[in-house]
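Have a look at the structure below, then the notes.
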Amino acid sequence: MSTGLGWRDGRAVLSAVHGRRVHEREVVPGVEVGWLLGGPRRCIGAWLEGQDERTPCPHHAVIAADGAAVQCASCQSVDRGLALARDQILDDGRTYRLYLAWFGEGLLKVGLTAEQRGTSRLLEQGALAWTFAARGALPAVRRAELTVAASGLARERFKSRVKPDHWWEHGDVDHRRALLTDARVRAHELLRGHGVELLADHPVTDHVGVFGLTDGAPDVYRAVEALADGAVLAGRLRPPIGRHLLLDQPDDGTPLLLDTRLLTGWTLAPAAGRPSAGLALSERVRPAEPDTQEALF
């Protein structure tokens, strides 16, 4: 059963479980993949307090075939990561970092991540550029996050569907670096007196090249909206973008974009040589350049 895509040590890794055995495969651009999906789609279990590995769902619960949720309600209620996101864990003794992440014009996010996770969270979110702004204990960093968000400088979250719209146009690296450097200065002005260590000299990291987006996303691609039992997903991998996979189709067909959360929970079998089939798709097209001639008259 697929358990999704994550980033470790700067590498994107697809994982699956068979019983308690975990299988991992690095996402390598240029490699041909093909998967036959078998259902029903099931809950992937939960990360429990004090456990280093995910605990399988004790109910083997079936989850919606076309949803982004990858856990049943029971596993969601005990998952440590979700409890942290919902402010149900006030402190866990770890050091956290406050980050500012840029996903495109108008999409500046403030968030926190455990220091021990390094940069994995920024890669998994698909941040085009980012910087760390502060560090400290969870309660202090959470207050700092709320302060920055309340100021209107950055938001705590964006829907993942809005991010790909900014992959076509994202300015140059100097633009992204200047924007984030300025945002960090403004954030530090808001955080004077907070119980966090301000990171004034942390570099701005750019992921546009890592994600293969230097020239933008394909002019036209088809986004996978839903998967189903018996569907086939196949193609040649492009560099992963956060938790998204772009797969080129044979004979120069329109590439497919998959949010790998939709893959999570399905049983996968090899489907070498078979074309993609049984997928619910929607077409995405690069917006036309604005007509500047009208502005001259």
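Throughout, read-outs are computed from the coordinates displayed, never taken from laboratory work. Because the structure is a prediction, the values reported are computed rather than measured. Note that each Cβ is placed from the backbone with ideal geometry, even for glycine, and that neighbours are counted across all protein chains shown.
A few comments on the model shown:
- Taking Cα centre as origin and charging only the Cβ of basic (Lys, Arg, +1) and acidic (Asp, Glu, -1) residues, the dipole magnitude of the chain rounds to 1040 debye.
- Sequence-distant residues sharing a close amide H with residue 12 (under 5 Å, placed H): 27
- Efficiency of FRET from Cβ geometry, residue 219 and residue 190, R₀ 41 Å, rounded to 0.05: 0.55
- Most mobile of 192, 135, 97 in a GNM of the chain (Cα contacts under 10 Å): 192
- Only Cα pairs under 8 Å and 6+ residues apart enter the sum, and on that basis the relative contact order of the chain stands at 25 percent.
- With pairing defined as another cysteine C-beta under 4.7 Å, the cysteines of the chain that fail it are 75.
- Cα centre as origin, Lys/Arg/Asp/Glu Cβ charges: the range 24-143 dipole, Debye: 320 debye
- Using just its DSSP H runs of length 4 or more, each adding -39500 (n - 2.57), the chain gives a mean residue ellipticity at 222 nm of -5000 deg cm²/dmol after division by all residues.
- Whole-Å distance, taken between Cα centres, linking the range 85-157 and the range 1-33: 25 Å
- Evaluating 6.51 cos²θ - 1.76 cosθ + 1.60 at θ = phi - 60° for every residue in the range 45-56, the Karplus couplings come out as x, 9, 8, 9, 4, x, 9, 8, 10, 5, 8, x Hz, glycine and proline recorded as x.
- Residue 134 long-range amide H proximity, modeled H, under 5 Å: 98, 199
- Backbone N within the range 63-93 under 14 Å of label point (7 Å from residue 280 Cα along the Cβ vector): 64-69
- Mean-square fluctuations from a GNM of the chain, with a 10 angstrom spring cutoff on Cα atoms, peak among 20, 236, 222 at 20.
- Highest-MSF residue in the chain out of 105, 145, 197 [GNM, Cα springs under 10 Å]: 105
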